Each structure stands twice: as structure tokens, then as C-alpha cells.
Amino acid sequence: MSVEAKECVLLIECKAVDARLIARAFTSGVPNPLAIESVTKLPSALERIRKGGVRAVIVDIELPHGQGVAAFERLLCAAPHIPILILSGMENESVAKQAVERGAQDYLLKSQLQEFRLRRIVRGMIERKAAEEKASLQQQCAELTLSCTGDSVLISDDAGRVTYLNAAAEQLTGWSQEEALGR
């Protein structure tokens, strides 16, 4: 199932009934619905991710042949920039929690699956990931700017410990970046 829209959510769910319920949660009665594409197997999902355009992934942690957290880790390795929501039954909640500890954005029990909540969680994941990427890019730009200036720049935290030292400050202090961090 595929719909043209700005944002595409990839659903990895082998149970057709659950896939239809989840897809309906994104399209029924909402303005600007998220597009949803559904696949039933992890290899198909990895191939779809490689093609690009996936903004978020929802994966059933209980996929046959999916190996629980191992399946999540394969997804995360293939697309570390894409937020992943884990779906789980009550009996596998501990596996879902492990996936969150390893980098999934969140998990949702299938018994708590409500249209509004699911849409809100996925939109929130997409927005958080975009904000993280923007902040990371701004940090990289700031570090590049500071490293290129001829002035000495030393940045410390609230306790006065060095967190950043540019090349000019290295020359002035005689410390390398590695030696200065935490001093």
C-alpha cells in the first residue's frame, strides 16, 4: 500500500489485519495524512529504506524470522537517521524496552494502539529527529567556524572544565585538544 505525500512512514508488519488498522490510523479523517507503505519482511524493509524517502519506521518486534532486538539493530544500522517505533505485544514488552535502550525512539503495545496516539507518536518522532539533525548540523557549523578563526577559543562548562579548544588556543596554551578536555 503506497500513498503519495510529503512524509512516508514504512510499516513492517506481517499480520495483514494489524497492517490495515495501522494504515487506517494514518489516513482516516485527518488533514495532511502521513503516507504509509507496508512490507511484511525485514529484507523488503531494508531494500525500501535504501531507496530513500522514508521519514519513520514502525516495526513489529515480533516478526517471524526477525529475531527481536537483532531485527531492530539491522534497521538501525541501515538507517541511523530514521526514527523507529517498536510495536509489541504485552508478552514481548521487555524486548521492546531493550530496543528503546539501544536507540529506538519509542515503543507502543499493540493493545494500546489508538489512531490519535499512534499518529502523534510518529509525528513527534519525525519532528524530534529533524530537530536533532538540525542541532547537530548547527554544532558542526559552529565547530568549523571556531576551528577556522585565527583567535584563540577555549570553551568551558559551568564547572570551568574545558569542553572545546581550537588550534589557535592549542598553540597559546600548549595543550592539545585531548589534553585540555575536562581540565
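The values are calculated or read from the model by the stated rules, or taken from the named source; none is laboratory data. Small disclaimer: the values here were computed from a predicted structure and weren't measured. Note that we place each Cβ from the backbone using ideal geometry, even for glycine, and neighbour counts take in every protein chain shown. Quick note on the areas: whole protein, heavy atoms, side chains included, nothing else; ligands and nucleic acids left out. Shrake-Rupley method; radii C 1.70, N 1.55, O 1.52, S 1.80 Å.
What to note about this one:
- The residue that is farthest from residue 15 (Cα to Cα), counting only those in the range 56-78 that are small (Gly, Ala, Ser) and crowded, with 19+ Cβ neighbours inside 10 Å, is 56.
- Every residue from the range 168-183 that is under 30 Å from residue 81 (Cα atoms), of a type outside the set (A, V, I, L, M) and open to solvent by 50 Å² or more (accessible area, probe 1.4 Å): 178
- Long-range neighbours under 6 Å by Cβ, at least six apart or interchain, first residue small (Gly, Ala, Ser) within the range 33-48, second in a loop (DSSP other than H, G, I, E, B): 35/3; 35/5; 38/1
- Residue check for residue 9: out of contact with any Lys or Arg (no Cβ under 8 Å at 6 or more places or on another chain), surrounded by 13 or more Cβ atoms within 10 Å (Cβ to Cβ), under 17 Å from residue 122 (Cβ atoms) and at pLDDT 85 or above: no
- Of residues in the range 105-123 being part of a helix (DSSP H, G or I) and in contact with a Pro (Cβ under 9 Å, 6 or more places away or on another chain), the one least open to solvent (accessible area, probe 1.4 Å): 122
- Inter-residue pairs, beta-carbon under 7 Å, first within 14 Å of residue 75 (Cα to Cα) and in the range 10-22, second part of a helix (DSSP H, G or I) and open to solvent by 40 Å² or more (accessible area, probe 1.4 Å), 6+ apart: 10/48
- Among the residues of the range 150-159, those identified as at pLDDT 85 or above and either exposed (fewer than 10 other Cβ atoms within 10 Å of the Cβ) or within 28 Å of the chain's Cα centre (by Cα) (or both) are 151, 157, 158, 159.
- Some residue of the range 129-149 being part of a loop (DSSP other than H, G, I, E, B) and either surrounded by 13 or more Cβ atoms within 10 Å (Cβ to Cβ) or free of Cβ contacts under 8 Å to residues at least 60 places away in the same chain (or both): yes
- Cβ pairs under 9 Å, 6+ apart, first in the range 89-117 and at pLDDT below 85, second surrounded by 11 or more Cβ atoms within 10 Å (Cβ to Cβ) and among the hydroxyl-bearing types (Ser, Thr, Tyr): 110/88
- Among the residues of the range 14-55, those that are at pLDDT 90 or above, buried (at least 16 other Cβ atoms within 10 Å of the Cβ) and among the charged types (D, E, K, R) comprise 37, 48, 55.
- Test: residue in the range 160-167 that is touching a Gly at 6+ places or on another chain (Cβ under 8 Å) and crowded, with 17+ Cβ neighbours inside 10 Å: yes
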